[in-house]
Amino acid sequence: MNFAPTWFEPSLATLAPSPGHAWGPYPQQREPRSAALRSTFLAGLSMFDAWRDESAGHQRFITRVRHFEQQARPWNDPLLRRRVASLRALLGRDGLTEHRITRALGLVAETCRRALGKQPFDTQLIAARILLSNRLAEMQTGEGKTLAAALAAAVAALAGIPVHVITANDYLVSRDRELVAPLFDALGLRSAAVIQPMPADERRIAYRANITYCTAKELVFDYLRDRMAIGLDDPELALKVASFESSRRESRGTLLRGLCMAIVDEADSILIDEAVTPLILAQAIDDPHREALLRDAWDLSGRLWRNRDFLIDAGARSAALTNGGSELLARLTADKRGLWQNRMRCEELVLLALSARHLYHRDRDYLVRGDEVAIVDETTGRVAEGRSWSRGLHQLIEIKEGCKVTGERQTIAQITYQRFFPRYLRLCGMSGTLAESRAELASVYGLRVAPVPLRRPSGRRLAAPVVYATADAKWRAVVMAIAAQHAAGRPVLVGTDSVADSDHLSGLLDTAGITHRALNARQDAEEAAIVAAAGHAGAVTVATNMAGRGTDIELDATSRGAGGLHVIACHRNRDRRIDRQLFGRSARQGDPGSVQIFVSLEDDLAQRALPVVWRAFGRRHTSGSPLPSALGHLPLALAQRIEERRRRRQRRLLLEQDRAREGALAFTGSGE
């Protein structure tokens, strides 16, 4: 098995890894032994990046790229293809040096103009340069991330590197690949897409393309399948043997060609927000008595009283029995047999049932579709297809909702994004919201953040937040604000915290006679069409956190003249980045636009993070008018910081546990 040079070697930036004699049949990175030192060093560099001005270097780079682009302008298509082929050989020999990247981007930009009818903007070329230097590009919404990623992928693929371009969902995988496929074809590169329904043989062919578009989830599951095929009993030895017997690797049916390079779109969503979710390969457990056991636990949980027999910690999403509750449970199970005689296991199962009963809510944490419980991702608001809760929690929620109880599954392999993505020899990505997490991204993934300048100055206006004591007062104010903007002919996008909130606001708008469209986890298939129409004059769109990431909201002339898209946030998210994602839907590419925030002390964030005494103070303010700014806004801003710290600690703890588990299982080969 071959690995990249250690993190401090200058040659790292020019690496052009690919399967073969030099890198082995399945190239991937091993975490450096000096992980702690590396994390500290890169986190410090990320703070330096926060104030470093690269504008002069960007300008010199753009001047050189445009020189090569103009040089290629008079060439006919056959001559351009020959020059690209010559450059391809030089890139394969020299790697991704600054000079080769500059020339390659010039030729790719000219090919892009001919194949797509689009000349890349300077900012898109800057973003491509950042990606090719193994960094994260903070590029604002609407600035053309799809094409910027394609430019970087094309240059890397010309150097012989198999590239994975990773985006949020199957729709965007197919859409983005189709948009830029003519560029890749004109460069002599083969591109492909991997989506959920594809069988293994088609996936294997797609991963053998020069550039493969896919989702992170599909990619990780295919990697885990490869690990199972290679053999987890001693994967290090298996891969060393495979490096001498590449044909044997093919016969064992691996899907990927290794982890050479990944370009991660919406990088903060994948690398931060979804980092704590383990990706699990599982097989069904044949236990005919398990359902009866879970139903007993559900019944027992209904016989316990909150604050007397058990306590709920909403922030940690856990329940705990009081001494009295533990004694009551022992009496209730005294005549039961089997597991119920094991006090620790008995209490563990009932606590899980209490969590299902009191901490997981329909239309917020999950949807019921027919006879199925579907998890809603708390960050995006989308249904997390194929995901289920473990240890019996999913089955307990199915019992709660009267659905058919599915069988439990046993984990046979798992990994988190925090452990998976650092295995790439070249890793980079982009998003509009990275600055707040630069230290964490540096310490966990070894990635530094570089801002991409705006193509045009931002015209976004941000109004002062408005805070109410009660949710009812907040919703009344939101409806009035929507009505005022709607009457002025402006399009309005409203961000809500959950499917339930989206449905509630939709009902209020119906009562007020305001025509609108709802965008939540129930309309996932229609998302792009709804978002694309959200910029039309007078349109009102109610959305959950997803807010159409990856799809532009284009204004028509009437809405632009009326003041552009007005975004209303009905809550503060648990992370400032997610707030900024919603705000970034307005005033894209220099368009006019504005943002207004309405929150209450009864919102989920306040209930989780604010002290009880402060919420009680808010309830005394019964006039229905907004709270004074300092009294309302500052505590909620503090609550947001508290929640951000808690979630960072949670991700760090998960990573430490993951590393410890891998070390403990090292004698069997791998922690996966």
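State which residue is nearest to the chain's Cα centre (by Cα) when the search covers only the range 169-197 and only residues that are of a type outside the set (A, V, I, L, M, F, W, C) and outside any helix (DSSP H, G or I).
Selected residue: Asn169.
Assess whether Thr97 counts as being in the same structural domain as Ile161 (by TED's automatic domain parsing), at pLDDT below 95 and either polar (S, T, N, Q) or touching a Phe, Trp or Tyr at 6+ places or on another chain (Cβ under 7 Å) (or both). Walk me through it before giving the result.
On the way: in the same structural domain as Ile161 (by TED's automatic domain parsing): yes; at pLDDT below 95: yes; either polar (S, T, N, Q) or touching a Phe, Trp or Tyr at 6+ places or on another chain (Cβ under 7 Å) (or both): yes.
Spelling it out, Thr97 is indeed in the same structural domain as Ile161 (by TED's automatic domain parsing), at pLDDT below 95 and either polar (S, T, N, Q) or touching a Phe, Trp or Tyr at 6+ places or on another chain (Cβ under 7 Å) (or both).
Any idea which of Gly325, Gly370 is without any contact (Cβ under 8 Å) to a residue 24 or more places away in the chain, in contact with a strand residue (DSSP E or B) (Cβ under 8 Å, 6 or more places away or on another chain) and not hydroxyl-bearing (Ser, Thr, Tyr)? Steps first, please.
Numbers: Gly370 fails: in contact with a strand residue (DSSP E or B) (Cβ under 8 Å, 6 or more places away or on another chain).
Just a single option satisfies the conditions, and that option is Gly325.
Out of Ser431, Ser443, I need the residue that is among the hydroxyl-bearing types (Ser, Thr, Tyr) and farther than 26 Å from Arg387 by Cα. Which one?
On the way: Ser431 fails: farther than 26 Å from Arg387 by Cα.
After ruling out the rest, the residue left standing is Ser443.
Is it true that some residue in the range 438-448 is of a type outside the set (Gly, Ala, Ser), closer than 30 Å to His58 by Cα, touching a strand residue (DSSP E or B) at 6+ places or on another chain (Cβ under 8 Å) and not in a helix (DSSP H, G or I)? Step through it out loud before you land on a result.
Initially, the range 438-448 is screened for residues of a type outside the set (Gly, Ala, Ser), giving 438, 440-441, 444-445, 447-448.
Still in the list and also closer than 30 Å to His58 by Cα: 438, 440-441, 444-445, 447-448.
Restricting the remaining residues to those that are touching a strand residue (DSSP E or B) at 6+ places or on another chain (Cβ under 8 Å) gives 438, 441, 445, 447-448.
Of the ones still in play, those that are also not in a helix (DSSP H, G or I) are 447-448.
Yes.
Checking Ala4 against (1) small (Gly, Ala, Ser); (2) modelled with pLDDT of 55 or more; (3) not assigned by TED's automatic domain parsing to the domain that holds Leu131, only one condition comes out false. Which one?
(2)
Have a look at Thr277, Thr254 and point out the one that is of a type in the set (Ser, Thr, Tyr), under 30 Å from Ala193 (Cβ atoms), at pLDDT below 95 and touching an Asp or Glu at 6+ places or on another chain (Cβ under 7 Å). Walk me through it before giving the result.
Details: Thr277 fails: touching an Asp or Glu at 6+ places or on another chain (Cβ under 7 Å).
Only one candidate qualifies: Thr254.
Out of the residues in the range 493-505 that are in a helix (DSSP H, G or I) and buried (at least 18 other Cβ atoms within 10 Å of the Cβ), which is modelled with the highest pLDDT?
So the first thing to find is which residues in the range 493-505 are in a helix (DSSP H, G or I), and the list is 499-505.
Imposing the further condition that a residue be buried (at least 18 other Cβ atoms within 10 Å of the Cβ) reduces the set to 499, 501-502, 505.
Working: Val499: 82, Asp501: 90, Ser502: 89, Leu505: 95.
Across the range 493-505, the extreme among qualifying residues is Leu505.
Table: residues versus (1) among the charged types (D, E, K, R); (2) crowded, with 17+ Cβ neighbours inside 10 Å; (3) not in a loop (DSSP other than H, G, I, E, B).
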residue: Asp335; (1), (2), (3): yes, no, no
residue: Trp340; (1), (2), (3): no, yes, yes
residue: Val350; (1), (2), (3): no, yes, yes
residue: Ala356; (1), (2), (3): no, yes, yes
residue: Leu367; (1), (2), (3): no, yes, yes
residue: Val373; (1), (2), (3): no, yes, yes
residue: Trp389; (1), (2), (3): no, yes, no
residue: Thr406; (1), (2), (3): no, no, no
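Go through Leu396, Leu441 for me and flag whichever is buried (at least 22 other Cβ atoms within 10 Å of the Cβ) and closer than 23 Å to Ser269 by Cβ.
Details: Leu396 fails: closer than 23 Å to Ser269 by Cβ.
Checking each option against the conditions leaves just Leu441.
Which residue out of Ala137, Ala148 is in a strand (DSSP E or B), within 22 Å of Phe583 (Cβ to Cβ), touching a Ser or Thr at 6+ places or on another chain (Cβ under 9 Å) and not charged (D, E, K, R)?
Details: Ala148 fails: in a strand (DSSP E or B).
Step by step, each of Ala137, Ala148 is checked, and only Ala137 is in a strand (DSSP E or B), within 22 Å of Phe583 (Cβ to Cβ), touching a Ser or Thr at 6+ places or on another chain (Cβ under 9 Å) and not charged (D, E, K, R).
For the range 94-117, what are the residues that are in a helix (DSSP H, G or I), under 14 Å from Ser133 (Cβ atoms) and in contact with a helix residue (DSSP H, G or I) (Cβ under 6 Å, 6 or more places away or on another chain)? I'd like the intermediate steps shown before the answer.
Of the range 94-117, the ones in a helix (DSSP H, G or I) are 94, 98-116.
This time we only want the ones that are under 14 Å from Ser133 (Cβ atoms), so: 98-102, 104-105.
Scanning the range 94-117 gives Arg100, Ile101, Thr102, Ala104, Leu105.
Select from the range 153-180 the residues that are surrounded by 24 or more Cβ atoms within 10 Å (Cβ to Cβ), closer than 14 Å to Ala104 by Cα and out of contact with any strand residue (DSSP E or B) (no Cβ under 6 Å at 6 or more places or on another chain) and list them in ascending order.
Across the range 153-180, the qualifying residues are Ala154, Val155, Leu158, Ala159.
Would you check if there is a residue in the range 559-580 being at pLDDT below 90, under 17 Å from Val492 (Cβ atoms) and among the polar types (S, T, N, Q)?
Checked the range 559-580: no residue is at pLDDT below 90, under 17 Å from Val492 (Cβ atoms) and among the polar types (S, T, N, Q).
The conditions are (1) assigned to a strand (DSSP E or B); (2) of a type in the set (A, V, I, L, M); (3) within 15 Å of Ile126 (Cβ to Cβ), and Val155 fails exactly one of them. Which is it?
(1)
Quick check, is Gln59 modelled with pLDDT under 95, among the polar types (S, T, N, Q) and closer than 25 Å to Leu425 by Cβ?
Taking the combined requirement at face value, the residue does not satisfy it.
Output the number of residues of the range 175-198 satisfying the condition of being polar (S, T, N, Q) and under 15 Å from His164 (Cβ atoms). Reasoning before the result, please.
The initial filter retains those residues of the range 175-198 that are polar (S, T, N, Q), namely 191, 196.
Still in the list and also under 15 Å from His164 (Cβ atoms): 191.
Summing the residues that are polar (S, T, N, Q) and under 15 Å from His164 (Cβ atoms) in the range 175-198 gives 1.
Scan the range 342-395 residue by residue and report those that are of a type in the set (Phe, Trp, Tyr) and at pLDDT below 85.
The initial filter retains those residues of the range 342-395 that are of a type in the set (Phe, Trp, Tyr), namely 360, 366, 389.
Hit for the range 342-395 is Trp389, nothing else.
In the list Ala518, Ala464, Ala473, which residue meets the criterion of being surrounded by 15 or more Cβ atoms within 10 Å (Cβ to Cβ) and within 23 Å of Ala606 (Cβ to Cβ)? It would help to see each step written out before you state the result.
Working: Ala518 fails: within 23 Å of Ala606 (Cβ to Cβ); Ala464 fails: surrounded by 15 or more Cβ atoms within 10 Å (Cβ to Cβ).
Result: Ala473 is the single residue among Ala518, Ala464, Ala473 that is surrounded by 15 or more Cβ atoms within 10 Å (Cβ to Cβ) and within 23 Å of Ala606 (Cβ to Cβ).
Which is among the small types (Gly, Ala, Ser), crowded, with 22+ Cβ neighbours inside 10 Å, over 19 Å from Val180 (Cα atoms) and assigned by TED's automatic domain parsing to the domain that holds Arg175, of Ala104, Ala137, Ala85?
Ala137
Regarding the range 119-133, can at least one residue be identified that is within 26 Å of Phe420 (Cβ to Cβ), among the charged types (D, E, K, R) and surrounded by fewer than 24 Cβ atoms within 10 Å (Cβ to Cβ)?
Looking through the range 119-133, none of the residues is within 26 Å of Phe420 (Cβ to Cβ), among the charged types (D, E, K, R) and surrounded by fewer than 24 Cβ atoms within 10 Å (Cβ to Cβ).
Write out, first by first residue and then by second, each pair whose Cβ atoms fall under 8 Å of each other, whose residues are 6+ apart or on separate chains, and whose first residue, in the range 109-130, is farther than 25 Å from Glu266 by Cβ and touching a residue at least 12 places away in the same chain (Cβ under 8 Å) while the second is of a type in the set (Asp, Glu) and assigned to a helix (DSSP H, G or I).
As it stands, the answer is Glu110/Glu69; Arg114/Asp77; Ala115/Asp185, since those pairs meet every condition given.
Arg490 versus (1) assigned by TED's automatic domain parsing to the domain that holds Leu627; (2) at pLDDT below 95; (3) not aliphatic (A, V, I, L, M): which is the lone unmet condition?
So Arg490 meets the others, but not (2).
Within the range 473-481, does at least one residue satisfy the condition of being within 29 Å of the chain's Cα centre (by Cα), in a helix (DSSP H, G or I), assigned by TED's automatic domain parsing to the domain that holds Met139 and aliphatic (A, V, I, L, M)?
no
The values are calculated or read from the model by the stated rules, or taken from the named source; none is laboratory data. These figures come from a predicted structure and were not determined experimentally. Cβ atoms come from the backbone with ideal geometry, glycine included; neighbour counts cover every protein chain shown.
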